[in-house]
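Report on one structure; see the data block that follows.
Derivation of every value follows stated rules applied to the coordinates shown; laboratory data play no part. Note that the structure is a prediction, hence the values are computed from the model and not measured. Virtual Cβ from ideal backbone geometry, glycine too; neighbours counted across all protein chains shown.
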Amino acid sequence: MEYILRYLFGLFGLLILIALIISCSSEEENIIPSNNSQIVDSEPDPVRYNLTVTSSEGGSISTEGGTYDEGTSVTVTATANPGYKFIGWEGIDESNNELIISVNSNLTIRALFEQITSFTQQGGYDQPTKSFGKIAVIPIDFLDTPDDIRNEFPTKEKLYDLLTDENLIKFFDDVSYGIFSYEIEVIDYYHLKINGFDNQKLFDDTIISNHNYEIQNFNPEDYDHLLFVPVYDKQLAGARAGSWEVTINDKFYSMGTIQSFFVPIMIGYFDRDDSMWPFSDSTKDKKFYSIPTGESSSVEGEINYPLSRFQQTFIHEFIHSLGIGTHSYSSTNDDKFNFEPIVQGNDGLENLDYGDKFCIMGSGEYAWSLNAAYRDYLGWFNDTVRHRILEKGIHNINLHPINTRDNTAFIEVRIPGKTSDFSSIGYKNEGYFIETRSKEDIWSSFLDNAELSSNIEGVFVKKTDGYTSWLLDMSPSSNINFYGTTTPDLRDVVLKQNQNYENDDIKITVISKNLNGSFDIEIVLK
Ligand SMILES: [Zn+2]
């Protein structure tokens, strides 16, 4: 019926056109035959066909078609709505979303669209798992190191023992769920031909790394990492990880060729100013912490962890060297949640480097475990310990402490559609990681402290941009003024039973804290 109507309309249009020609061309009237029907009958009637284009839900088409003369080319484009993709045509054997149809028969076609699954709203991918690292350790002393001081330095055997200590091995085994191990080889002390007592020199990476190391029977290409250990007096000059230019046995290795890091040892007392730098041995000292409790009050002491500062710093730099180029930050907003407008006076504190005091890649003052975002990035998980949430909807999870191996140990949440600019090199979507700690775990045993114990009553929530991680404060309390410095109060940061955290993307609710130390959590991805 539609065909007939369109045909009649077409015919009617043609008659009007002819009438217009007649009225506008009086001078040529004599050559226009007076009988209109005769014209129509005498010209060959063009063969016309009907093209009908429709669309399934999830997209649109550039034309609904119409009636065309035989041989007419008609361009039809199918465009998917956001969240849908074009998957093909019904009625024509073509797969391109843009068609040029040569009309030579009646044709009805339908563009087909399909809702994009949440997987395709997710960019990036899991990075290759880091499962092993072989480290060459190069201890360094200096021209001006006196023999009596030098005698106090750890021997290469002692260095080997320090770096393969069973607790160090256990740390990497725990945080990688048994996936990662490393091997250490310590070479002889390298006598760097510069004076060493000027502590500032160790702040300059090039002095240690950009140097021709002549080391017999040593090929850096046999190792995954080089660890330089300058052994020195005074204060630790700051450990570093990165990729520097270095020359070994006259062979130049350009930036990016060798993953290097250096972890100085502070030891001895040569030329030391007692008033500024008390005698110290970072191979034995433990990290000193200070938990602000008020303007001029704090809890201080030595963290009861089984590793020395040197060993802790080794872990931190080694993890950098494995591919974690940032620290574990904090994201706080005084007594408001991080997503609320920045509280006046909080500028500069909302994004603190080393701000996560509960992670070895943050300041690690309150606990030590490696946060879940970086475990995920390093490939340290399996399907048992990692619970992934990639789709919108309601998800219920039973979460166990982060170093558990036979249950869910962390939750990875990726916001559909919030892809990273670096998804082409694997960075996954923006999202959240949720983890909880157990004080039975030696790396979190310090949470037993009265100032910190509330953190074992709930779950830690971190956000990620696909790479870096930020510890969020789930129970925001006012910043602390501590000896004239304003600092976020991170003594209690967890989300506890019956509490929830909600922003435009997500709602996280702790349903219950269970007797076995696990938490039942509901996550709504909006
Ligand atoms: Zn660092």
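Below 13 angstrom from the Cβ of residue 440, what's the summed charge of the other residues (Lys, Arg +1; Asp, Glu -1)? Result for the local shell: -1.
The loop-placed GluC sites (Glu not before Pro) in region 89-150, going by DSSP, that have at most 16 neighbouring Cβ atoms within 10 Å of their Cβ come out as 94. Legend: distances between Cα atoms for 158/284; 392/418; 286/462; 463/526; pairs beyond 18 Å are 286/462. Going by a ≥ b ≥ c, the root eigenvalues of the Cα gyration tensor, does region 390-429 fall in the rounded group (a/c under 1.5), the prolate group (a/b larger than b/c) or the oblate group? Because a/c hits 1.5 or more and a/b fails to exceed b/c, region 390-429 counts as oblate.
Working note: Debye formula, equal point scatterers on the alpha-carbon atoms of region 40-182, no solvent; log10 I(q)/I(0) at q = 0.08, 0.13, 0.15, 0.19 Å⁻¹ is -0.54, -0.77, -0.88, -1.08.
Add +1 for every Lys or Arg and -1 for every Asp or Glu among the other residues with Cβ under 15 Å from the Cβ of residue 417, and state the total.
Its environment carries a net charge of 0.
Near residue 369, once Lys and Arg are set to +1 and Asp and Glu to -1 for all other residues with Cβ below 11 Å from its Cβ, the sum equals -2.
Full extension of the chain between residue 391 and residue 132 yields a length gain of 90.0 nm, computed as 0.36 nm times the residue separation minus the alpha carbon distance.
Sketch the reach of a paramagnetic label on residue 105 as a point 7 Å from Cα along Cα-to-Cβ, and name the residues of region 50-74 whose backbone nitrogen lies under 13 Å away. In region 50-74, the label zone of residue 105 (backbone N under 13 Å from the point 7 Å along Cα→Cβ) covers 50. How large is log10 I(q)/I(0) at q = 0.14 Å⁻¹ when the Debye formula is applied to the Cα atoms of region 324-526, each weighted equally and without solvent? Evaluating at q = 0.14 Å⁻¹ gives log10 I(q)/I(0) of -0.77.
Summarising the strand pairing of region 48-115, around 80 percent of its internal DSSP beta bridges are antiparallel. Overall, the anisotropy analysis places region 48-115 in the prolate class: the square-rooted eigenvalues a ≥ b ≥ c of its C-alpha gyration tensor yield a/c not less than 1.5, with a/b exceeding b/c. The charge dipole of region 48-115, taken about the Cα centre with unit charges on the Cβ atoms of Lys, Arg (+1) and Asp, Glu (-1), comes to about 80 debye, rounded to the nearest 20. Among the chymotrypsin sites (Phe, Trp or Tyr not before Pro) found in region 97-199, not one is both in a DSSP coil and sparsely packed, with 10 or fewer other Cβ atoms within 10 Å of its Cβ.
With viscosity set to 0.692 mPa s and temperature to 37 °C, compute the Stokes-Einstein D of region 111-185, Rh being the Kirkwood radius across alpha carbon pairs; µm²/s, no decimals.
Using the Kirkwood radius from Cα pairs, D works out to 194 µm²/s.
Here the gap between residue 187 and residue 114, fully extended at 0.36 nm per residue and compared with their Cα-Cα distance, gives a gain of 20.2 nm.
In this simple spin-label approximation, residue 288 and residue 221 carry label points 7 Å from Cα along the Cα→Cβ vector, and these lie 4.7 nm apart. Loop-located trypsin sites (Lys or Arg not before Pro) in region 402-445 (DSSP state other than H, G, I, E, B) with a sparse environment of at most 13 neighbouring Cβ atoms within 10 Å: 405. Counting 0.36 nm for each residue step from residue 62 to residue 210 and taking away their Cα separation leaves a gain of 47.0 nm.
Among the listed pairs 170/251; 134/193; 156/287, those whose Cα-Cα separation exceeds 32 Å are 170/251. DSSP bridge analysis restricted to region 323-434 gives an antiparallel fraction near 55%, rounded to the nearest 5.
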